[in-house]
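Written below as structure tokens is the structure these notes are about.
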Amino acid sequence: MTQGVYLVGFLLCLRLMCPLGSGLFMDKLASKKLCADDDCVYTISLARAEEDYNASDCRFINIKKGQLIYVYSKLVKEKDSGEFWAGSVYGEQYEDHMGTVGYFPSSLVSEQHVYQEANKTLPTT
């Protein structure tokens, strides 16, 4: 019993000392994106969610039907991938989510207003 406790303690210490081995690798959604500027910080458009969407992982944001979203970049669609945009929710009723930028499927939103063209193609990081 005591040896088991020591073994668990040792494994926990080893885990704390080697955190690099614990990272979760996620595939890139695309290798290029379209933005209005070199840093993708200027708003391209304002979109309205046509359906609810629950984020599948930390790269994505939850959106609710009717919610307005600022769009900052659009991923260039590649074979066998979905088409995703990056943005953040807009509006006081979503205050707790404002400022969080993440991806969402472009097929679930409609652009309400285009502020500027996304004419810069940049690599994703």
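The values are calculated or read from the model by the stated rules, or taken from the named source; none is laboratory data. Predicted, not measured: the structure shown is a model, and the values here were computed from it. Using ideal geometry, Cβ is built from the backbone for each residue, glycine included, and neighbour counts are taken over all protein chains shown. Quick note on the areas: whole protein, heavy atoms, side chains included, nothing else; ligands and nucleic acids left out. Shrake-Rupley method; radii C 1.70, N 1.55, O 1.52, S 1.80 Å.
Of the beta bridges in the stretch 29-123, as assigned by DSSP with both residues counted there, near 95 percent are antiparallel. For the stretch 29-123, a simple Cβ point-charge model (Lys and Arg +1, Asp and Glu -1, everything else neutral) yields a dipole of about 260 debye relative to the Cα centre. Ligands, DNA and RNA are left out, and with a 1.4 angstrom probe the accessible area of the stretch 29-123 is 59 Å² per residue. Bridgeable lysines around LYS32 (alpha carbons under 22 Å apart, same-chain partners fewer than 8 residues away excluded): LYS74, LYS77, LYS79, LYS120. Think of the stretch 29-123 as a dipole: +1 on every Lys or Arg Cβ, -1 on every Asp or Glu Cβ, centred on the Cα centre; then among ASN62, SER107, VAL76, VAL76 lies furthest on the positive end. With distances taken between every two different alpha-carbon atoms, the stretch 29-123 has a Kirkwood hydrodynamic radius of 13.2 Å.
How do the peptides 34-40, 118-124 rank, highest first, by the average count of neighbouring beta carbon atoms within 10 Å per residue?
Put in order of decreasing packing, that is 34-40, 118-124.
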